[in-house]
Amino acid sequence: MSIEHQNYIPFCVAMALTAAHQPAFADPAGVASTSAANAQQSTSDMENSDYNGGDYTRPENGLQMRFGNLSSGVYRRTDRRFVLPRFIGEARLNARWKFGWFAQLPLDDRTTIAPDPAASAHVFGIGNLAVRGVLIHDIDERWAFGFGARLVAPTAADPLRVNSWRIMPGFGIRYSFLEFGSDTYFVPKIRYALSFAGDPGRRTISEPQIAPTLNVGLPDRWFVTFYPSFDIRINNGTPLPGQTGRLFLPFDAAVGRKVTDNLEISLERVDIQRVQMNAPTMDSMERNARGVCS
């Protein structure tokens, strides 16, 4: 897809290959409570049915492949296309606690088109490494919460390299609407992006990023997800060029289908035209839109 002046339509196609759910490790004392065992069994049942893998508190083991396109700018336009392989996994600690993680390294292709042809450029290469770890507690079959952090390292070569290290501590809580099926749940989550150990003369990042994710399971293993990514943002750091306000509030939704027990496909789109008037201008949208498929 492309952009014409104020039209800004980033999207992401995601495919996930997941392994069968691994059983929990034995309780160290050899005894687990009946309620804990039931909660674990219920969670396992949900993960092996129509669950689509989008829950912050229910990580899976497998590989995700994400293909995306982002465009920004009016007078100076940047088109970014990327392939993002993400390795995901979980490790059961006991009947109620588990650890989820992922590691990703994107392949980026960027084209910048400027009024002055000498200022136009094209770059292709490996992007910046990102890893995340989350400690998760299953309260019961409906409720769970998790907390952890995401780290972005400036591993890419210029000009794809980010200007500093970035840490994003976060928290999320999930409620499952089991009366509507195992794949209908609400999991609001928030993280705070901070830059550190970078060039002191460059822009500093201090930004709450919010994702009030609501997933609705549909018949025949279809699903629709509202705000699957951390696209609601409040810029408390250095203002972006042309920024007139701190709040970035797009509409974000994805639709997909779990094709088999181990394969799911989805398409995510962010509608920037719904952004409030005090959001950054189009020239500065590309950095904000990196929450797509992140």
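Summary of computed values
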read-out: Solvent-accessible area per residue for segment 136-198 (1.4 angstrom probe, square angstrom); value: 45
read-out: Equivalent ellipsoid dimensions for segment 95-193 as semi-axes, Å, which come from the Cα gyration tensor, largest first; value: 38, 16, 11
read-out: Accessible-area ranking of Ile136, Ile190, Ile88, largest first, probe 1.4 Å; value: Ile190, Ile88, Ile136
read-out: Contact order normalised by residue count of segment 184-239, Cα under 8 Å, 6+ apart, percent; value: 37
read-out: Charge tally in the Cβ shell below 11 Å around Arg66, where Lys, Arg are +1 and Asp, Glu are -1, Arg66 excluded; value: 0
read-out: Loop chymotrypsin sites (Phe, Trp or Tyr not before Pro), segment 76-114, which have at most 12 other Cβ atoms in a 10 Å radius of their Cβ (DSSP); value: none
read-out: Within the accessible area of segment 57-153 (1.4 Å probe), percent carbon and sulfur; value: 68
read-out: Ile265 paired with Ala153, simple spin-label distance in nm, labels 7 Å along Cα-to-beta-carbon; value: 3.4
read-out: Heavy-atom accessible surface of segment 167-260: percent carbon and sulfur, 1.4 Å; value: 71
read-out: Net charge over other residues, Cβ less than 11 angstrom from the Cβ of Ser164 (K, R count +1; D, E count -1); value: +3
read-out: When segment 167-278 is reduced to its Cα atoms, the Kirkwood hydrodynamic radius in Å; value: 16.0
read-out: Percent of Cα pairs exceeding the 14 Å cut-off, where the set is segment 144-189; value: 64
read-out: Computed over segment 175-234, Cα set: Rg, Dmax in Å; value: 16.8, 54
read-out: √(5λ) per eigenvalue of the Cα gyration tensor, segment 98-153, largest first, Å; value: 41, 12, 8
read-out: Distance (nanometres) between label positions extended 7 Å along Cα→Cβ at Phe196 and Asp220; value: 5.0
read-out: 5 angstrom amide H check on Arg203, placed H, neighbours 5+ away; value: none
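The values are calculated or read from the model by the stated rules, or taken from the named source; none is laboratory data. Everything numeric here is computed off the predicted structure, so don't read it as measured data. With ideal geometry, Cβ positions are generated from the backbone for all residues, glycine too; neighbour counts draw on all protein chains shown. In case anyone asks, the SASA skips ligands and DNA or RNA and just uses the protein heavy atoms, side chains included. Shrake-Rupley method; radii C 1.70, N 1.55, O 1.52, S 1.80 Å.
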